Amino acid sequence: MTALCDDHDVVFFDLDGVIYIGRNAVQHAAEVVSELKARGIGCCFVTNNAARTPIEVAQHLTDLGIPTLDSEVVTGSQAGASLMRDFVAPGSKVLAVGGPGVAAALIERGFVPVFSNDDEPQAVMQGFGPQLSWSDLAEACYALRRGIPWIATNMDSTFPTGRGLAPGNGSLVMAVAHATGRQPDAVAGKPEKSLFDEAVARTKAVRGLMVGDRLDTDIAGGNRAGMQTLLVLTGVCTRGDSAAAKGDEIPTYVGEDLRSLLVEPVLWSDTIGGIHA
Ligand SMILES: [Mg+2]
């Protein structure tokens, strides 16, 4: 018997609904990640969430019993800042709209984050931040009226909180789009390719496996990036949603939870008749 994980050199994990839900780790996540590492398989955590820095995410995972280095975390902000190089030269001033993760990623890639249009930024990067206010969005609007490039870290319409689904970065981007009549020039996060490019470049994965709980972001993005994909049913997606998947949202494999990495793989096509309970 070959376990699913043994076919892969790096496993890429989505976070929410896969590794944790709200404040709590998903059952079996810690033991499975630890077993993969013991087998010499790389583990990389990829998140669209731009609010937190990789250091903060790694600390959160470590606190949940999953010891993680910041180098094992790839965020939408990092992918966005890499993508920014296609639009403006390093050293350029970029309006950082979002949490601390946005400015930190820009600095890491050689840009100068600024927070007001009065500083004459040459581009705008917009990511999620729970403290974002009207005046932050107003600065983005003033800047974008000058026709400069606009990168969104991701377009998630919602953001899961302990109290339910709140507006995600995509909803705040749409507020700016509505006010300016513009759309972002590029989007970095899942299901777009930049986040995966960043993660593969970082880990040098040859046979990566993307594990996620959402068909339209994790699975579609992993498939488009040329990886095999595993849908786990610990997050938003039900067995019924899985069976209804179409086109590039069809996962390679389906599993109840992360323990499915440690056993023989179950192909999606073998699950659609409801044979596997
Ligand atoms: Mg998720």
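The values are calculated or read from the model by the stated rules, or taken from the named source; none is laboratory data. Given the structure is predicted, the values throughout are model-derived calculations rather than measurements. Positions of Cβ are generated from backbone atoms using ideal geometry, with glycine treated the same way; all protein chains shown enter the neighbour counts.
Of note:
- The one condition in (1) over 23 Å from Gly98 (Cα atoms); (2) more than 14 Å from the ligand (Cβ to nearest atom) that Arg52 fails to fulfil: (1)
- Some residue of the range 69-88 being surrounded by 18 or more Cβ atoms within 10 Å (Cβ to Cβ), within 16 Å of the ligand (Cβ to nearest atom) and assigned to a loop (DSSP other than H, G, I, E, B): no
- In this structure, Arg163 does not qualify as under 30 Å from Glu35 (Cα atoms) and of a type in the set (Lys, Arg).
- Residue count for the range 149-172, restricted to those that are touching a residue at least 40 places away in the same chain (Cβ under 8 Å) and assigned to a loop (DSSP other than H, G, I, E, B): 6
- Among the residues of the range 1-45, those that are outside any helix (DSSP H, G or I), crowded, with 17+ Cβ neighbours inside 10 Å, free of Cβ contacts under 8 Å to residues at least 60 places away in the same chain and away from the ligand (no atom under 15 Å from the Cβ) comprise Ile41, Cys43.
- Scanning the range 1-40 for residues that are among the charged types (D, E, K, R) and over 20 Å from Ser71 (Cβ atoms) yields Asp6, Asp7, Asp16, Arg23, Glu31, Glu35.
- When residues of the range 26-57 are limited to those that are at pLDDT 95 or above and small (Gly, Ala, Ser), the one farthest from Asp257 (Cα to Cα): Gly40
- Criterion applied to Gly110, Gly129, Gly65, Gly91 was being surrounded by fewer than 24 Cβ atoms within 10 Å (Cβ to Cβ) and within 30 Å of Val32 (Cβ to Cβ), and the one residue passing it is Gly65.
- The residues of the range 160-173 that are crowded, with 16+ Cβ neighbours inside 10 Å and at pLDDT 95 or above, listed by number, are Asn169, Gly170, Leu172, Val173.
- Given (1) out of contact with any helix residue (DSSP H, G or I) (no Cβ under 6 Å at 6 or more places or on another chain); (2) charged (D, E, K, R); (3) assigned by TED's automatic domain parsing to the domain that holds Ala81, number of the condition Lys204 does not satisfy: (3)
- Considering the range 173-271, the qualifying strands (runs of 3 or more DSSP E), each wholly inside and each with 3 or more residues that are within 16 Å of the ligand (Cβ to nearest atom), run over 208-212, 228-232.
- Test for Val263: is it among the β-branched types (Val, Ile, Thr), crowded, with 16+ Cβ neighbours inside 10 Å and at negative phi: no
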